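All remarks here apply to the structure that follows.
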Amino acid sequence: MKNHLFMPTLKQFIYGDGMYMTGQLEVGRYYGHTDSGFLRQILYGGVSYALVCFAVTFYFVRKVALNWFDGSWKFILSAFVILAFCNIKADTFAFPGIMFVMLMFLSLFGSHGKQLILFKQKEPKDV
């Protein structure tokens, strides 16, 4: 565990090194051989990049909360607690797969997605 979690240098923390992968094909291809999402983001672009990843994730989570859960802060906070715990182990903030699913919820159903009725029965007309 101590090989995967370590404190980056001050330069790495502020600016990052601009490397996400090492380019090697064997195990441990992530730069710094870390498995932590927070460290991967900081080693790549510094703390500013990590904050941008957080902001992008917050934007999508908040939009989904507004469209599907009436802006529920319980949903926003619980989603961020789950994503933050997962980000300790892997890269989940601004992860393309997660953002794609959130984008699907936003674009496919729009602002009235929770009110969509898929199999609505036709009402008989009185003659």
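Taking segment 57-87, which residues are free of Cβ contacts under 8 Å to residues at least 12 places away in the same chain and among the polar types (S, T, N, Q)?
Within segment 57-87, S72, S78 qualify.
Can you tell me which residues in segment 31-68 are touching a strand residue (DSSP E or B) at 6+ places or on another chain (Cβ under 8 Å) and closer than 17 Å to C86 by Cα?
Looking only at segment 31-68, we keep the residues that are touching a strand residue (DSSP E or B) at 6+ places or on another chain (Cβ under 8 Å), and these are 31, 40.
Selection gives R40 alone.
Please enumerate the residues belonging to segment 1-17 that are closer than 19 Å to F95 by Cβ and either modelled with pLDDT of 75 or more or not in a loop (DSSP other than H, G, I, E, B) (or both).
G16
Quick one: which of F100, F85 is out of contact with any strand residue (DSSP E or B) (no Cβ under 7 Å at 6 or more places or on another chain), of a type in the set (F, W, Y), at pLDDT 85 or above and exposed (fewer than 13 other Cβ atoms within 10 Å of the Cβ)? Walk me through how you get there before you give the answer.
Working: F100 fails: at pLDDT 85 or above.
F85 is the lone residue from the list that is out of contact with any strand residue (DSSP E or B) (no Cβ under 7 Å at 6 or more places or on another chain), of a type in the set (F, W, Y), at pLDDT 85 or above and exposed (fewer than 13 other Cβ atoms within 10 Å of the Cβ).
Tell me, which residue of segment 24-64 that is of a type in the set (D, E, K, R) and touching a helix residue (DSSP H, G or I) at 6+ places or on another chain (Cβ under 7 Å) is modelled with the highest pLDDT? Walk me through it before giving the result.
Here is the first cut: in segment 24-64, the residues of a type in the set (D, E, K, R) are 26, 29, 35, 40, 62-63.
Next, only the ones that are touching a helix residue (DSSP H, G or I) at 6+ places or on another chain (Cβ under 7 Å) stay: 35, 62-63.
Details: D35: 74, R62: 88, K63: 85.
The residue in question is R62.
Return the total of residues in segment 27-82 being of a type in the set (S, T, N, Q) and surrounded by fewer than 19 Cβ atoms within 10 Å (Cβ to Cβ).
Filtering segment 27-82 for residues of a type in the set (S, T, N, Q) gives 34, 36, 41, 48, 57, 67, 72, 78.
When the remaining residues are screened for being surrounded by fewer than 19 Cβ atoms within 10 Å (Cβ to Cβ), the result is 34, 48, 67, 72, 78.
Residues that pass the stated criteria total 5.
Considering (1) buried (at least 16 other Cβ atoms within 10 Å of the Cβ); (2) at pLDDT below 85; (3) over 21 Å from F100 (Cβ atoms), say which one Y20 fails and leave the rest.
(3)
Taking L77 as the residue in question, decide whether it is more than 13 Å from the chain's Cα centre (by Cα) and at pLDDT 85 or above.
Numbers: more than 13 Å from the chain's Cα centre (by Cα): yes; at pLDDT 85 or above: yes.
Answer is yes for this residue.
The values are calculated or read from the model by the stated rules, or taken from the named source; none is laboratory data. Given the structure is predicted, the values throughout are model-derived calculations rather than measurements. Note that we place each Cβ from the backbone using ideal geometry, even for glycine, and neighbour counts take in every protein chain shown.
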